[in-house]
């Protein structure tokens, strides 16, 4: 039996005294795209933050395995070196740091963590140009401070560009459709789809079925009250769009 790219076993998480994740079980094989859908407050974004290693969350029970290795004891940088990437719902702004400078620093930090030599400037420029072309990211945008004054679409395109350069094995997209108009959504989705690979897995977190019209998932999971309560094919997203989440409230995870 093939080891899943990402396996979450009975994950319980709380912040302060409030339990948010209440026994999450999820398995994502390599080569597959899975989607999590759920209403506000169901715990979707908490799950993405915990997977990436954000502080403030206390894991009280469970395991998270990436390629068979438990990552919960790793620092966020170690998880990135292991191949995990989180695209934020609201990418942060870093005044004074050019987007190009940030991208090169991120790539070289990852290479250093893996014991690889720093990328040469010509190789880096070629990689950025190639990846940026697909995402309509021009050189002027790369000279600007990271995400400062960027539109919602520009922020998400810069983030997918980072993902294309880092080539993670496990990609987590936390509500990537937030703040995107129809054209930007299509462009960002095309960038994500270009990164689909038999050796890479993706977890797409969203409220709405519209994103999944562009990034078509292999499996859809319904999240409610801190756990997965239903899983099915892409048609499950259509059912949620038509009927809403009320029908899944209170269901027990299988």
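Bear in mind that the values in this text are calculations on the coordinates, not laboratory data. Being a predicted model, the structure only gives us computed values, none of them experimental. Positions of Cβ are generated from backbone atoms using ideal geometry, with glycine treated the same way; all protein chains shown enter the neighbour counts.
If the chain linking residue 14 and residue 69 were pulled fully straight, counting 0.36 nm for each residue of separation and taking away their Cα-Cα distance, it would gain 17.5 nm. Between the Cα long axis of helix 121-134 and the first principal axis of the chain there is an angle of about 50°, rounded to the nearest 10. Projected over all directions and averaged, the alpha-carbon convex hull of the range 21-141 occupies 10.0 nm². Principal-axis analysis of the Cα atoms of the chain puts helix 182-193 at an angle of about 90° to the longest axis.
Of all DSSP-defined beta bridges confined to the chain, some 55% are antiparallel rather than parallel. Which FRET efficiency value, to the nearest 0.05, do you get for residue 120 and residue 193 by plugging their Cβ-Cβ distance into 1/(1 + (r/R0)^6) with R0 = 30 Å? It comes to 0.55. Scattering from the range 110-254 was approximated by placing one identical point on each alpha carbon and applying the Debye formula without solvent; log10 I(q)/I(0) at 0.09, 0.19, 0.20 1/Å stands at -0.36, -1.17, -1.25. Here's the picture: a label point sits 7 Å out from the Cα of residue 183 along the beta-carbon direction, and within the range 119-163 the residues with their amide nitrogen under 17 Å of it are 134-138, 141, 150-158.
On the beta carbon distance between residue 129 and residue 208, with R0 = 41 Å, the FRET formula returns roughly 0.80. Every helix of 4 or more DSSP H residues in the chain counts as -39500 (n - 2.57), and over all residues that averages to -10500 deg cm²/dmol at 222 nm.
On the basis of the beta-carbon distance and an R0 of 45 Å, residue 216 and residue 77 show a calculated FRET efficiency of 0.90. Computed from Cα atoms, the angle from the helix 99-113 axis to the main principal axis of the chain rounds to 70 degrees.
In whole Å, what is the distance between the alpha-carbon centres of the range 159-181 and the range 123-154? Taking the Cα centre of each part, the range 159-181 and the range 123-154 sit 14 Å apart.
The range 5-69 and the range 219-243 have Cα centres lying 16 Å from one another.
Over the chain, the pair-distance histogram of Cα-Cα distances with 5 Å bins from zero comes to 1, 6, 13, 17, 20, 17, 13, 8, 4, 1, 0, 0 percent, rounded to whole numbers.
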